[in-house]
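Below: one structure, written as structure tokens.
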Amino acid sequence: MIRLSIPKTVMVEAKPNLRNAPQDSTMIRSVLRLLRSWAWLGPVGATLALVVAVALPWAPAAPLDVDRVVLEEQSQRIETIKKVHPAIVAVCMQGGQGVGSGVLIDPEGYALTNFHVVQPTGPLMQAGLADGVLYDAVVCGIDKVGDVALIKLLPKEKGKPFPYVKLGDSDKVRAGDWSLAMGNPFSLAMDFTPTVTFGIVSGVNRYQPPEGKGLLEYTDCIQIETSINPGNSGGPLFNMDGALIGINGRGSFEKRGRVNSGVGYAISINQIKNFLGHLYGGIDSDHATLGAAIGTANEDAPLAQMIVKQILDESDAYRRGLREGDQLLEFAGRRVNSTNEYKNILGIYPKEWRLPLTIRRGTTTREILVRLMGNQAQVIEKKDQPPEQPQPRPQPVPLPKGPRPSGEAAKMYEARKGFSNWYFNVVEQKKLLEKFKNHGDFSELCGTWTIEGQYEQPDRRGPMKIVLSEGAEGTKITMKLNIETSLEPLRQSDLRLQQEPIGSGGLMMAMYHYRRFLTLGAKGFEGLFAYGGYAPFYPFPIDGSEPKSLAALRVDCDLMITKHGSVECRWYFARTDGTLLGFETYVAKDADNLDDRDPCEVYFHDYKEVGGRKLPHTMNVRFGNKRYALLTVTSYNLEK
Amino acid sequence: MWTRTILMGILALGAILPTPVPLAAADPLVDVAKEANKKMVKLFGAGGFSRLNNYATGIIVSPQGHVITVASQILDTPDLVVHLYDGTRLPAQVLVTERELDIALLKIRSPGKKLEDPLDESLEYFDFLAAAKRPPAEVGDWVIALSNTFEIALRDEPLSVQRGVIAAYTKMAGRRGVFEFPYTGDVYIVDAITNNPGAAGGALLNRKGELLGIIGRELKNTLSETWMNYAIPVTGKAEVVQRVLLKDKDGNVIKDKDGKEVYEEKTVTVTMAEFVELGMQGKYKPIEGKNTIGGIGGYHGILFVPNILDRTPAYIEDVVPGSPADKAGLRSDDLVSFIDGEPVISINAFNDYIKKRTRAGTVVRLEVRRGEVLETIELTLEAHPAPPNSSGPPTPPKQ
């Protein structure tokens, strides 16, 4: 398996092919040239040409009788190609040397390509479009494991929209479907006119193992016989409606050399959709592990059964109840029948996403919601490295030598640890917070907050009162459910206190952060205030019942991650309208006691207007595997 | 300007034509591939090193689990395994192979049952004999190729689908390594890159999903030094010139005046259909290779390691109990290094020597490396024992 970026040697190899062009085409070309030269002679010349053409023995006598369906299919194909043609990108080094391909996915100039294409260019590159114009471009987000990168082209005139293609649904692609691959193989087109190849999908849900160091793993990818060659890397794969179904990236080669062998692979667009938020947010994203080794129960058995062979006790899956020997039936709504299938499912999700897992132990089957861990293997590997020998990492790449990009592109690049381009994270934060503004402006409400209502727990219920008051030492939280507890978050650093009320995982701390988030925004989080990409969110039923299907609960959200002191919060905003649906508060994400690692989860429901601001009037509070309390708010008193 | 007028005219003409209607029927390729995939297996056997793949593809030709594939080195193991389309993993055994057609017939076995027992479930299959009765596809016809190219699929993952057209229907002129390729009959040459690692034994289908041929090996065209993409048609046949004993009408061997047996050259034709039909009945007799003409040599009873390389070292895996090798004290892990003073570079070289230079009663002297020492062992060859009465493969040696 080899990537399809352009090595210099291959570009050289490409030339003899041109020289070996069949003689027929030279003949046709010379006849055309002849015809063209006659055109200006006027009708007489043209008529003459026609006469000559008819007289020539090899001229076709009569048009071929072609089935109408074939002609229609052909004209549809041509229409499709015309439609997507302007959005195809030739990714180039500074100065215009081709390194791969890409495709524009929105009018602002964001384009998808492969990570291995932008690896040699560094954060600033150039990109040619089919209009023959070379644009400056800057890298946005990257996904090294998935071999995807998002770049942004800068328009020549400010605000001028770019042509772009629509994203398709790669889950609907089937083996045998027709497909179109486009791009700039061998950097053939000096004017960036894309090359089109046409073929069928040979397989879907294919797994291709990583290429070295756990990077460039192709999971759940689309296998095509549609010809892709060096330089096609990062280019689009379309269905016949012109919807983007994948990003072409690698092929299987053996003795036939590094050119199309009839077996190419495209990263499925549905995998990329999961990471799209991360990519837009300039995040150096990571894939995930379950924290468990899954294997076939018995390799020789007629039918494969996937079971948990080993599990890390620090994994979320362990705390959610997954144990060694459990059989894995479904993962993220898909059946798991083989190691490849398991890797396919796992491989398409970013780390820290929560996904449902259906397991069987003995005769009972149940569904659990599991947070995926970051790529633990890499973390361990790093720890084992002696510090004086830093592991060679492909990112960040220093700026290559060559003509400096225009000031505009360079201004759009900002390095920060954990991000491929922090500049774009700030852009996405602003977009999200702009949407969130419809909740109202809380920035002046820095006085005491009093929230009153009822609480409901499995065994008791009663009045509830939460007071967040400002003192000389910062905010103090007092919370009265059945008993009264209080916390001064800046002074009391003892974990047990911070996690009170007992069994909530730190509800007082959570409320403190909620107020900070609303009133201070970015200024309130000195540790981190970052856009975290897309993430699924699962608001549990407020009646406290067990959900019948976790998948049915799922709401797709935009994520914000904040850090203040030692506490990390993750805020979930509905992608549709920016409503804050809830948040998780990790009081001690790396606690020695593994049970303390779970966050306090607060789910917001029943938003109502209070003094021109929208506030939730029902809060479902969960910790670990169960509900802590359901809070119903009857009054908010938020002082200035 | 004039050209523009013509162009406008053409456009106007186009406008009169009925506007294209969206194609109603989904492309049948998807369904054809899906259906055909159920009639195929992923095949796993010997190999897995030195660019020799231990995987291939097979075509199911009977509901009882008969499978055809290319007669490649991966079959040289008693532990063949197939994965059915639904992910079921089952053992399989070679029933018979025909070098001249480069084909092998296998049978899938239900675990814990005998080879001849019926399978637990009957399988979907290609009716090979019906396929062989259809006229061959023509040059320019659409074809679909289905195979486990590059071992991309395991268990229930579907095979890879490719499409192309028949570029030529011609005589085979390939070679493999430096050896002549045995099959020289008709082949389909396709324009798709079908013959990749693991694709051997895959199916070449027409657009209706009917079996046209069996995808061959990875071969280089001797003339152009390009890789060939070929399939042996279901109608394929091989014409083999054989030296056979001359017999009279009553079947008695005719002898010349010196009392020697008389041979005649005879052209024998074998067809794929005959191979599959008789093979499934247990009646197919493979044509003996040209190398074996003039005798098969004496019997020694040595069982070597799987002979998967052109130069597999002559390591003994086992000896047949009671055979000359057993009596002479040869044992497993011995490396046969010399025979009658000539170096033995491979199993092939050993077999060649035995065939050409020995017969029953010949005494051969072997130098055998056992551990770090070279031992000399003399072996008196015997006549070959009568083949077992079944058509089944030689039973693997019991460890």
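The values are calculated or read from the model by the stated rules, or taken from the named source; none is laboratory data. Everything quoted here is computed from the prediction, not taken from an experiment. Ideal geometry is used to build each Cβ from the backbone, glycine not excepted, and the neighbour counts take in all protein chains shown. Just the protein is used for accessible areas: all its heavy atoms, side chains included, with ligands, DNA and RNA removed. Shrake-Rupley method; radii C 1.70, N 1.55, O 1.52, S 1.80 Å.
Residue by residue through the range B:58-100, note down the ones that are open to solvent by less than 10 Å² (accessible area, probe 1.4 Å) and within 14 Å of chain A (Cβ to nearest Cβ).
B:65, B:80, B:82, B:87, B:92
Output the strands (runs of 3 or more DSSP E) that fall wholly within the range A:163-243 and possess 3 or more residues being in contact with a Gly (Cβ under 9 Å, 6 or more places away or on another chain), open to solvent by 10 Å² or more (accessible area, probe 1.4 Å) and closer than 26 Å to residue B:155 by Cβ, or say none. Let's see the steps before the verdict.
On the way: elements: A:178-183, A:195-208, A:218-224, A:236-238.
In the range A:163-243, no matching strands (runs of 3 or more DSSP E) lie anywhere.
Using beta carbons and a limit of 6 Å, which pairs, at least six apart or on different chains, have the first residue in the range A:245-268 and in the same structural domain as residue A:216 (by TED's automatic domain parsing) and the second one of a type in the set (Phe, Trp, Tyr) and open to solvent by 10 Å² or more (accessible area, probe 1.4 Å)?
From residues that are in the same structural domain as residue A:216 (by TED's automatic domain parsing), the pairs are A:252/B:150; A:256/B:227; A:261/A:253; A:263/B:150.
So that you can scan it fast, the table gives a plain yes or no per residue for (1) assigned to a strand (DSSP E or B); (2) more than 14 Å from chain A (Cβ to nearest Cβ):
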| position | (1), (2) |
| --- | --- |
| B:105 | yes, yes |
| B:135 | no, yes |
| B:153 | no, no |
| B:156 | no, no |
| B:166 | yes, yes |
| B:169 | yes, yes |
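Being within 14 Å of chain B (Cβ to nearest Cβ) and touching a Lys or Arg at 6+ places or on another chain (Cβ under 9 Å) is the filter here; which residues of the range A:224-240 pass it? Reasoning before the result, please.
If we filter the range A:224-240 for residues that are within 14 Å of chain B (Cβ to nearest Cβ), which is where we start, we get A:224-229, A:239-240.
Answer for the range A:224-240, where residues must be within 14 Å of chain B (Cβ to nearest Cβ) and touching a Lys or Arg at 6+ places or on another chain (Cβ under 9 Å): A:225, A:228, A:229, A:239, A:240.
Residue B:139 fails exactly one of the following numbered conditions: (1) among the β-branched types (Val, Ile, Thr); (2) at pLDDT 90 or above; (3) surrounded by fewer than 23 Cβ atoms within 10 Å (Cβ to Cβ); (4) under 20 Å from residue B:68 (Cα atoms). What is the number of that condition?
Result: residue B:139 passes all but (4).
So residue A:248 ticks every box in (1) open to solvent by 10 Å² or more (accessible area, probe 1.4 Å); (2) farther than 26 Å from residue B:52 by Cα but one. Which box is left unticked?
(1)
Restricting to helices (runs of 4 or more DSSP H) lying wholly in the range B:266-375: which have 3 or more residues that are touching a helix residue (DSSP H, G or I) at 6+ places or on another chain (Cβ under 8 Å) and at negative phi?
B:272-281
Suppose the filter is touching an Asp or Glu at 6+ places or on another chain (Cβ under 7 Å) and either more than 20 Å from residue A:564 (Cα to Cα) or not assigned by TED's automatic domain parsing to the domain that holds residue A:581 (or both); does residue A:485 pass it?
yes
Can you tell me which of (1) surrounded by fewer than 24 Cβ atoms within 10 Å (Cβ to Cβ); (2) within 21 Å of residue B:274 (Cβ to Cβ) is the one residue B:103 doesn't meet?
Only one criterion is unmet by residue B:103, namely (1).
Is one or more of the residues making up the range B:40-50 over 26 Å from residue B:196 (Cα atoms), open to solvent by 20 Å² or more (accessible area, probe 1.4 Å), modelled with pLDDT under 95 and part of a loop (DSSP other than H, G, I, E, B)?
Scanning the range B:40-50, I find no residue that is over 26 Å from residue B:196 (Cα atoms), open to solvent by 20 Å² or more (accessible area, probe 1.4 Å), modelled with pLDDT under 95 and part of a loop (DSSP other than H, G, I, E, B), so the answer is no.
For the range A:243-263, which residues satisfy the criterion of being within 14 Å of chain B (Cβ to nearest Cβ) and either within 23 Å of residue A:176 (Cβ to Cβ) or touching a Leu at 6+ places or on another chain (Cβ under 7 Å) (or both)?
Across the range A:243-263, the qualifying residues are A:250, A:251, A:252, A:260, A:261, A:262, A:263.
Kindly provide the set of residues from the range B:178-236 that are in a strand (DSSP E or B), within 11 Å of chain A (Cβ to nearest Cβ) and among the β-branched types (Val, Ile, Thr), ordered by number.
Scanning the range B:178-236 gives a single hit, B:190.
Identify, from the list A:267, A:348, A:294, the residue that is away from chain B (no Cβ under 13 Å), open to solvent by 10 Å² or more (accessible area, probe 1.4 Å) and assigned to a strand (DSSP E or B).
A:294
Quick check: is even one residue across the range B:107-117 farther than 28 Å from residue A:223 by Cβ and polar (S, T, N, Q)?
Scanning the range B:107-117 turns up at least one residue that is farther than 28 Å from residue A:223 by Cβ and polar (S, T, N, Q).
How many residues are outside any loop (DSSP other than H, G, I, E, B), more than 14 Å from chain B (Cβ to nearest Cβ), within 16 Å of residue A:288 (Cα to Cα) and open to solvent by 60 Å² or more (accessible area, probe 1.4 Å) when one looks only at the range A:309-345?
Here is the first cut: in the range A:309-345, the residues outside any loop (DSSP other than H, G, I, E, B) are A:309-311, A:316-319, A:327-331, A:334-335, A:339-345.
Applying the additional criterion that residues be more than 14 Å from chain B (Cβ to nearest Cβ) yields A:309-311, A:316-319, A:327-331.
After this cut, where a residue has to be within 16 Å of residue A:288 (Cα to Cα) as well, the list is A:311, A:316-318, A:331.
Cutting the leftovers down to open to solvent by 60 Å² or more (accessible area, probe 1.4 Å) gives us A:318.
Residues flagged as outside any loop (DSSP other than H, G, I, E, B), more than 14 Å from chain B (Cβ to nearest Cβ), within 16 Å of residue A:288 (Cα to Cα) and open to solvent by 60 Å² or more (accessible area, probe 1.4 Å) within the range A:309-345 amount to 1.
Does residue B:96 meet the test of being in a loop (DSSP other than H, G, I, E, B) and farther than 25 Å from residue A:300 by Cβ? Please lay out each step first, then the result.
Numbers: in a loop (DSSP other than H, G, I, E, B): no; farther than 25 Å from residue A:300 by Cβ: yes.
So residue B:96 fails the test.
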